[in-house]
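Step one of this worksheet: look at the structure below.
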Protein chains: 2
Amino acid sequence: MSTQAAPDLSTRERIAVTAARLFSEHGFAGVSMRDIAEAVGVKAASLYNHFDDKESLYFAALAQAFDHPIRLVDQALQAPGTPRQRLTGLVTALVEAVAGDPVSARLLQRELVDGGPGRMERIAQELMRPPFDRIKAVLSELAPALDGGRVAAYLIATVHGYLSLLPLVPMLDSGLTTDPGQFAEDLSGELLAWLAGRQR
Amino acid sequence: MSTQAAPDLSTRERIAVTAARLFSEHGFAGVSMRDIAEAVGVKAASLYNHFDDKESLYFAALAQAFDHPIRLVDQALQAPGTPRQRLTGLVTALVEAVAGDPVSARLLQRELVDGGPGRMERIAQELMRPPFDRIKAVLSELAPALDGGRVAAYLIATVHGYLSLLPLVPMLDSGLTTDPGQFAEDLSGELLAWLAGRQR
DNA sequence: GTCTATAGCCGGATAGAC
DNA sequence: GTCTATCCGGCTATAGAC
């Protein structure tokens with residue numbers, strides 16, 4: 001509970017990073033200002049010198065947490081290669097961005113289920129839309145016969161759904177891998193089969 | 001907040017139904033015993049005559065909520081028709097079971113993100129596994145060339161992912177429908193394209 | 001099996017010294 | 001900008017009358 005994310009951050013940043021982790025683990029209602037303060041190593045009252053209230057702190061934590069996975073996907077989108085390589089690279093990056101960053105993944109899961117329309121709108125416009133549009137553009141290029149937005153939506157839905165359901169997978173004898181890297185490979189193959197089936 | 005689920009249920013059942021709705025809306029930590037009691041129309045202390053503690057009540061609410069969608073899917077699995085019709089019927093039933101029953105859908109979403117391994121195991125074995133195995137069996141029959149478990153897992157992941165992400169869909173210009181019925185049709189078509197791509 | 005009353009604890013937020 | 005001290009309300013759960 002006392003993991004220092006990095007020693008050279010401002011107190012405000014340390015609070016946001018720590019809060020993101022705690023909120024991802026226990027949800028908004030499950031984390032108290034006292035919990036956050038203790039994990040950061042300050043007193044609860046000091047948090048109010050950096051954030052107006054618990055909700056402001058929560059937003060800052062969200063924005064902080066989503067920054068890294070978005071960068072990861074953007075890098076994959078800019079990588080060169082054959083269309084097949086670029087598609088596989090994108091799928092792999094998406095899977096890794098989610099599977100490799102449980103903090104942001106769980107925050108998104110939680111936000112999807114209990115964020116009000118206002119919070120959802122802000123997250124969509126400020127955080128999700130730019131990377132989504134870039135994914136869309138690249139998929140339109142890689143599969144010109146189909147609608148890039150729909151392909152992107154199916155891809156993201158499948159990745160998100162699989163990783164959300166991951167705790168259930170080993171308990172249900174589905175024959176599906178629990179290894180994200182292997183899943184990325186697997187899904188890339190199925191995606192190509194789908195696109196092939198659509199174009200014949 | 002005072003919706004009576006049905007007038008002819010035992011007090012215990014009325015508590016479970018009401019609690020399921022509240023937990024689905026606000027999460028375990030976001031619902032107090034007082035909230036549940038008020039919505040049911042009794043005093044908080046009376047809840048303890050029916051359930052040992054808050055967690056026992058929560059489990060009962062889960063089991064109650066999952067009962068209906070599971071029946072719905074089972075009905076679709078038993079329906080006759082051509083393989084294509086049966087596949088479309090299964091996809092439609094799955095989508096409807098989730099989209100048409102927000103209470104159980106949201107409870108599952110919440111449980112996937114903050115249920116510990118113990119709770120997850122119990123849900124998997126007692127509630128999810130029987131219907132999953134039946135879906136698996138039917139898909140093995142409908143697409144004999146592929147592994148039924150894997151097809152089932154991809155199907156469920158996509159349905160679950162799409163419906164989880166539904167709040168984001170209209171905000172992201174994805175070209176994907178927000179109507180669950182149309183999505184079921186759409187997904188059935190894509191599923192057939194996928195299977196076609198895999199078998200050629 | 002329901003109620004009133006309450007114990008005992010924890011929640012967010014603030015005041016004011018330093 | 002951090003601290004100590006505190007307000008005040010909500011939380012789970014129990015005791016005991018009816």
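A count restricted to the stretch A:102-134 and to residues that are among the basic types (Lys, Arg) and modelled with pLDDT of 90 or more stands at 4.
Listed here are the residues, each with its yes/no results for (1) under 12 Å from B:Ile15 (Cβ atoms); (2) of a type in the set (S, T, N, Q); (3) touching a Pro at 6+ places or on another chain (Cβ under 8 Å); (4) within 16 Å of DNA strand C (Cβ to nearest atom).
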residue	(1), (2), (3), (4)
B:Tyr48	yes, no, no, yes
B:Arg71	no, no, no, no
B:Leu90	no, no, no, no
B:Leu94	no, no, no, no
B:Asp101	no, no, yes, no
B:Ser104	no, yes, yes, no
B:Arg110	no, no, no, no
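Please work out which residue is farthest from the other protein chains (Cβ to nearest Cβ), limiting yourself to the stretch B:87-136 and to residues that are among the acidic types (Asp, Glu) and within 14 Å of B:Leu163 (Cα to Cα). Spell out the reasoning first.
Filtering the stretch B:87-136 for residues among the acidic types (Asp, Glu) gives B:96, B:101, B:111, B:114, B:121, B:126, B:133.
Restricting the remaining residues to those that are within 14 Å of B:Leu163 (Cα to Cα) gives B:96, B:101.
Values: B:Glu96: 17, B:Asp101: 15 Å.
Result: B:Glu96.
When B:Ala60 is tested against (1) modelled with pLDDT of 95 or more; (2) within 16 Å of DNA strand C (Cβ to nearest atom); (3) more than 18 Å from the chain's Cα centre (by Cα); (4) more than 20 Å from A:Asp114 (Cα to Cα), only condition (3) is not met. In the stretch A:68-81, the residues that are in a helix (DSSP H, G or I) reach residues that are among the small types (Gly, Ala, Ser) with C-beta atoms within less than 6 angstrom, at least six apart or across chains, in these pairs: A:Pro69/A:Ala97; A:Pro69/A:Ser104; A:Leu72/A:Ala93; A:Leu72/A:Ala97; A:Val73/A:Ala93; A:Val73/A:Ala97; A:Ala76/A:Gly89; A:Ala76/A:Ala93.
Any residue at all in the stretch A:19-28 that is of a type in the set (A, V, I, L, M) and either more than 11 Å from DNA strand C (Cβ to nearest atom) or farther than 19 Å from A:Gly115 by Cα (or both)? Scanning the stretch A:19-28, I find at least one residue that is of a type in the set (A, V, I, L, M) and either more than 11 Å from DNA strand C (Cβ to nearest atom) or farther than 19 Å from A:Gly115 by Cα (or both), so the answer is yes. Only one of B:Leu57, B:Leu62 is within 9 Å of DNA strand D (Cβ to nearest atom), in contact with a helix residue (DSSP H, G or I) (Cβ under 8 Å, 6 or more places away or on another chain) and in contact (Cβ under 8 Å) with a residue 24 or more places away in the chain; which? Matching residue, one of B:Leu57, B:Leu62: B:Leu57. Scan the stretch B:156-173 and give yes if some residue there is free of Cβ contacts under 8 Å to residues at least 40 places away in the same chain, in a helix (DSSP H, G or I) and over 20 Å from A:Ser164 (Cα atoms), otherwise no. Yes, the stretch B:156-173 contains at least one residue that is free of Cβ contacts under 8 Å to residues at least 40 places away in the same chain, in a helix (DSSP H, G or I) and over 20 Å from A:Ser164 (Cα atoms).
Just one residue in the set A:Gly189, A:Gly175 is on the phi > 0 side of the Ramachandran plot and facing chain B (nearest Cβ under 10 Å); that residue is A:Gly175. Taking residues in the stretch B:24-35 that are on the phi > 0 side of the Ramachandran plot, and partners anywhere that are within 14 Å of DNA strand C (Cβ to nearest atom) and hydrophobic (A, V, I, L, M, F, W, C), the pairs with Cβ atoms closer than 8 Å and at least 6 places apart or on different chains are B:Gly27/A:Ala29.
The values are calculated or read from the model by the stated rules, or taken from the named source; none is laboratory data. Please read these numbers as outputs of a predicted model, since none were measured by experiment. We place every Cβ from the backbone using ideal geometry, glycine too, and count neighbours over all the protein chains shown.
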